[in-house]
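Student: The structure that follows is given in the form of structure tokens.
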Amino acid sequence: MTTVRGLEETGPSGGEDEVAEVVARYEAAFNENSAGAMNALFSSDTVFVNFSGTLVFGADHLYQAQSFVFAEGGPLADITVSYTIENIAFLTPEVAVAHARQRSVGSEGQEGDASDPMEGILMMTLMRDAAGQWRIRMAQNTPVIAP
């Protein structure tokens, strides 16, 4: 379950809740292995750096990559994660940056330990589209390397 840790009101009223909802929908799509639901969160001209460092341009190419990793037998097919939002900052009323810590969830629903191979920081730059919905324009999922 997506959680928000230590956030202060930094943007327009309700803005943090709207951005946090995008992160929650991202988590749900990941855990449901739904490339379609995840891809719907991105703008058509998105740029994404995935966990392995691959740079993906455009929602169409991102959908192809998401479909592969979430497919039965794919590298993320049997992985469940949780996201804890650590920061939301508004660059303008229409542009926000969110940082969320990604961790594996064990079979009992507990977060992984300090050696979690899926621990990362997901950074999303979101923009409001013409309909006023937040879309992920750029994102990067960076692995956390334990010392």
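The values are calculated or read from the model by the stated rules, or taken from the named source; none is laboratory data. Quick caveat, the model's predicted, so the values are computed rather than measured. No Cβ is skipped: glycine too gets one built from the backbone with ideal geometry, and neighbour counts run over all protein chains shown.
Student: Can you tell me which residues in segment 68-80 are out of contact with any helix residue (DSSP H, G or I) (no Cβ under 6 Å at 6 or more places or on another chain) and either surrounded by 16 or more Cβ atoms within 10 Å (Cβ to Cβ) or in a strand (DSSP E or B) (or both)?
Tutor: Across segment 68-80, the qualifying residues are 69, 79.
Student: Of all residues in segment 117-147, which are surrounded by fewer than 16 Cβ atoms within 10 Å (Cβ to Cβ), touching a strand residue (DSSP E or B) at 6+ places or on another chain (Cβ under 7 Å) and within 19 Å of residue 21 (Cβ to Cβ)?
Tutor: Of everything in segment 117-147, just one residue is surrounded by fewer than 16 Cβ atoms within 10 Å (Cβ to Cβ), touching a strand residue (DSSP E or B) at 6+ places or on another chain (Cβ under 7 Å) and within 19 Å of residue 21 (Cβ to Cβ), namely 129.
Rundown of residues vs (1) of a type in the set (Val, Ile, Thr); (2) touching a residue at least 24 places away in the same chain (Cβ under 8 Å); (3) out of contact with any Lys or Arg (no Cβ under 7 Å at 6 or more places or on another chain), yes/no style:
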position: 44; (1), (2), (3): no, no, yes
position: 47; (1), (2), (3): yes, yes, yes
position: 61; (1), (2), (3): no, no, yes
position: 68; (1), (2), (3): no, no, yes
position: 75; (1), (2), (3): no, no, yes
position: 79; (1), (2), (3): yes, yes, yes
position: 82; (1), (2), (3): no, yes, no
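Student: Looking at residue 4, is it surrounded by 18 or more Cβ atoms within 10 Å (Cβ to Cβ) and at pLDDT below 90?
Tutor: yes
Student: Does segment 64-81 contain at least one residue that is among the aromatic types (Phe, Trp, Tyr) and under 18 Å from residue 138 (Cβ atoms)?
Tutor: No, that holds for no residue.
Student: Could we say that residue 147 is in contact with a Pro (Cβ under 9 Å, 6 or more places away or on another chain), at pLDDT below 95, in a loop (DSSP other than H, G, I, E, B) and over 23 Å from residue 40 (Cβ atoms) here?
Tutor: No; evaluated as a whole, the condition is false for this residue.
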